[in-house]
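The values are calculated or read from the model by the stated rules, or taken from the named source; none is laboratory data. Since the structure is predicted, the reported quantities are computational estimates derived from the model, not experimental observations. Using ideal geometry, Cβ is built from the backbone for each residue, glycine included, and neighbour counts are taken over all protein chains shown. Areas reflect the complete protein model, heavy atoms only, side chains present, ligands, DNA and RNA absent. Shrake-Rupley method; radii C 1.70, N 1.55, O 1.52, S 1.80 Å.
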Amino acid sequence: LADGTRETMSVSFIDMSGYTALSERDEPAALLHAALLQKCGRNAAARSGGELIKSLGDAVMLRFPSPQAAIEAATALLRDYRSGAATLGVAPLPLHGGLHHGEVVAARDGDLYGAAVNLASRLCGAAQDGQFVISDTAHALLSGTPARELGELRLKNVQDPVRAYEV
């Protein structure tokens, strides 16, 4: 990590709700959902100029050059995931996500580290089913994307409140 490069980018996490409960009831179905989310994440990111950094079981971590590209990809991912689930004959699980734009450390292995990554993850954790929560920093870089202010959120292990929006 010491020789990683510092880069400014948008980082988002998209997570499935109900995955743990599904995996206890029907592990093959849960694995199918995880594979579908990973495929949709990879494809949606690539179409928006981004990249799938990693799959975290029931979530994906994505990087983009801008918040606008991240939101476009999240919208496409949701559409493709629902369509894929219908094609497979399974009910889609609810998705939620978080997005922040800031400086990260990009490791040689492609993984990302730093406060901006952690904040994106915490915003995802604060999102309800079907919600995509973005930081004030990401919101300030958007043009023409409607957003609803959520106020200041207190996030786990984040010292100061974070002004957040839902898109």
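Could you give the nm distance between label points at Ala29 and Gln128, where each point is 7 Å from its Cα heading toward the beta carbon?
Between Ala29 and Gln128, the simple spin-label model gives 2.5 nm.
Sum -39500 (n - 2.57) across every DSSP H segment of at least 4 residues in the chain, then divide by the residue count to get the 222 nm mean residue ellipticity, nearest 500. Mind dumping the intermediate values first?
Details: 5 runs with 67 residues, N = 167.
Helix contribution divided over all residues of the chain: -13000 deg cm²/dmol.
State to the nearest 20 debye the size of the charge dipole of region 19-71 about its Cα centre, where the only charges are +1 on K and R beta carbons and -1 on D and E beta carbons.
300 debye
Which loop-located trypsin sites (Lys or Arg not before Pro) does region 52-135 contain, where loop means any DSSP state but H, G, I, E or B and the Cβ has at most 12 other Cβ atoms within 10 Å? If you can, show how the numbers build up before the last one.
On the way: sites: Lys54, Arg63, Arg79, Arg82, Arg108, Arg122; in loops: Arg108.
Passing sites in region 52-135 are Arg108.
How many Å² of accessible area per residue for region 22-167, probe 1.4 Å? Walk me through the numbers before you get to the answer.
Details: 7370 Å² over 146 residues.
Result: 50 Å² of accessible area for each residue.
Run the dipole for the chain about the Cα centre, Lys and Arg Cβ at +1, Asp and Glu Cβ at -1, nothing else charged, and hand back the magnitude in debye, nearest 20.
200 debye
At a 1.4 Å probe radius, carbon and sulfur cover how many percent of the accessible area of the chain?
Working: 4080 of 8410 Å².
Whole-percent figure for carbon plus sulfur exposure: 49.
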